[in-house]
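The values are calculated or read from the model by the stated rules, or taken from the named source; none is laboratory data. Bear in mind that the values here come from a model prediction, so they are computed numbers and not experimental data. Counting neighbours? That spans all protein chains shown, and the Cβs are built from the backbone with ideal geometry, glycine included.
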Amino acid sequence: MIKLAIYGKGGIGKSTCTANLAAAFATLGKRVIQIGCDPKADSTINLLGGTPVTPVMDYLREHDDEPESIEEISETGFGGILCIETGGPTPGLGCAGRGIITTFSLLEELHLFEKYKPDVVLYDVLGDVVCGGFAAPIREGYASQVLIVTSGEKMALYAANNIHNAVKNFEDRSYARVRGIIMNRRNVEQEEEKVCRFAQTAGLEIAADIPRSDDIIRCEDRGMTVIEGAPDCEAAKRFLALAQKLIDEEKAHE
């Protein structure tokens, strides 16, 4: 099973990259789960035609009892992708990271992975926060690999470096490793040079180079990924190539 956590600076395009990668895996015939680990609960919206799934934390606040089935806290989106959002606490109250921990515990109780038997699980994790609950995907063994999304912007690269260092701290415990970087271009000056320099210094591969694309914007306005709405565009081809690369690597290690 491919188990990926997607990290990066807030607003860098993690959810866009995660949803498009999920859609690419599904297009290539894989059974996919995407779990949004952000209080905004918008990670999977473009897999669901623009209609958000009820976040797990919202469900728990609105019901006296915990859900008895996965179907109560999920929706099936493009390509049969199972979409789940952790959500978070009431704004101003509680810790958002606890929402991730609570959700993961509930998913274990509901035997999500045993029942659904996914080929791929993607975790879209809030911003560059890698402490507490936000480190759960890598610290608790849910994800085995991390992809860091960055552009050539200074703060995006700063966050990428922090995330890389945080994941390295878990390496001796056989937790997740950083698989590489997704360069999500913002067309800043000397962007490729800056990202390549960071990748070389960190000893990381640029696993995918996603062009800044009006196709992505147009598709998201329609509640879609480019895999669904513009499958022949360059951005879609790059996501499909990344998905195929990860599938091939998984087969090679079997």
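Cβ-Cβ distances below 7 Å connect the following pairs, each with a first residue in segment 95-115 that is over 15 Å from P55 (Cβ atoms), a second residue that is among the β-branched types (V, I, T) and outside any loop (DSSP other than H, G, I, E, B), and a separation of six or more residues or different chains: L110/I70; L112/I70; K115/I70.
Table: residues versus (1) out of contact with any Gly (no Cβ under 8 Å at 6 or more places or on another chain); (2) under 18 Å from G79 (Cβ atoms).
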| residue | (1), (2) |
| --- | --- |
| N187 | yes, no |
| E191 | no, no |
| C196 | yes, no |
| L204 | no, no |
| I217 | yes, no |
| D221 | yes, no |
| V226 | yes, yes |
| A230 | yes, yes |
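Restricting attention to segment 202-214, and to residues there that are small (G, A, S) and without any contact (Cβ under 8 Å) to a residue 24 or more places away in the chain, which single residue is surrounded by the fewest Cβ atoms within 10 Å (Cβ to Cβ)? Working first, answer last.
Going through segment 202-214, the residues small (G, A, S) turn out to be 202-203, 207-208, 213.
Going one step further and asking which of them are without any contact (Cβ under 8 Å) to a residue 24 or more places away in the chain, we end up with 203, 213.
On the way: G203: 8, S213: 18.
By that ranking, first place goes to G203.
Conditions tested, residue by residue: (1) out of contact with any Gly (no Cβ under 6 Å at 6 or more places or on another chain); (2) in contact (Cβ under 8 Å) with a residue 60 or more places away in the chain; (3) of a type in the set (A, V, I, L, M, F, W, C).
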residue: I6; (1), (2), (3): yes, yes, yes
residue: K9; (1), (2), (3): yes, yes, no
residue: T16; (1), (2), (3): yes, yes, no
residue: A22; (1), (2), (3): yes, yes, yes
residue: F25; (1), (2), (3): yes, yes, yes
residue: K30; (1), (2), (3): yes, yes, no
residue: I35; (1), (2), (3): yes, yes, yes
residue: P39; (1), (2), (3): no, yes, no
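When L240, L246, L157 are screened for being assigned to a helix (DSSP H, G or I) and touching a Phe, Trp or Tyr at 6+ places or on another chain (Cβ under 6 Å), only L157 passes. Going by what's in this entry, would Y7 be described as in a strand (DSSP E or B) and of a type in the set (S, T, Y)? It is true that Y7 is in a strand (DSSP E or B) and of a type in the set (S, T, Y). No other residue among I138, I101 is under 18 Å from M1 (Cβ atoms), assigned to a helix (DSSP H, G or I) and at pLDDT below 95 apart from I138. Could you tell me which residue of segment 61-91 is nearest to the chain's Cα centre (by Cα), considering only residues that are charged (D, E, K, R) and assigned to a strand (DSSP E or B)? Residue satisfying both the conditions and the ranking: E85.
Quick check, is D64 surrounded by fewer than 16 Cβ atoms within 10 Å (Cβ to Cβ) and farther than 30 Å from M155 by Cα? Give the steps one after another, and end with the answer.
Details: surrounded by fewer than 16 Cβ atoms within 10 Å (Cβ to Cβ): yes; farther than 30 Å from M155 by Cα: yes.
Answer is yes for this residue.
Taking segment 40-50 as the search range and keeping residues that are modelled with pLDDT of 95 or more and surrounded by fewer than 18 Cβ atoms within 10 Å (Cβ to Cβ), which one is nearest to R98 (Cα to Cα)? Of everything passing the filter in segment 40-50, G50 is nearest to R98 (Cα to Cα). Look at (1) within 30 Å of L107 (Cα to Cα); (2) surrounded by fewer than 17 Cβ atoms within 10 Å (Cβ to Cβ); (3) among the charged types (D, E, K, R) and you find that R139 fails only one, number (2). When E62, E72 are screened for being more than 21 Å from A160 (Cβ to Cβ) and at pLDDT below 95, only E62 passes.
For segment 182-201, the condition holds for at least one residue, the condition being that it is of a type in the set (K, R), closer than 22 Å to D124 by Cα and surrounded by 13 or more Cβ atoms within 10 Å (Cβ to Cβ). Just one of the listed residues (I227, I217) is in contact (Cβ under 8 Å) with a residue 40 or more places away in the chain and either among the aliphatic types (A, V, I, L, M) or more than 28 Å from T51 (Cα to Cα) (or both), namely I227. For E71, state whether it is without any contact (Cβ under 8 Å) to a residue 40 or more places away in the chain, in contact with a strand residue (DSSP E or B) (Cβ under 6 Å, 6 or more places away or on another chain), of a type in the set (D, E, K, R) and over 22 Å from I138 (Cβ atoms). Judged against the criteria, E71 is not a match.
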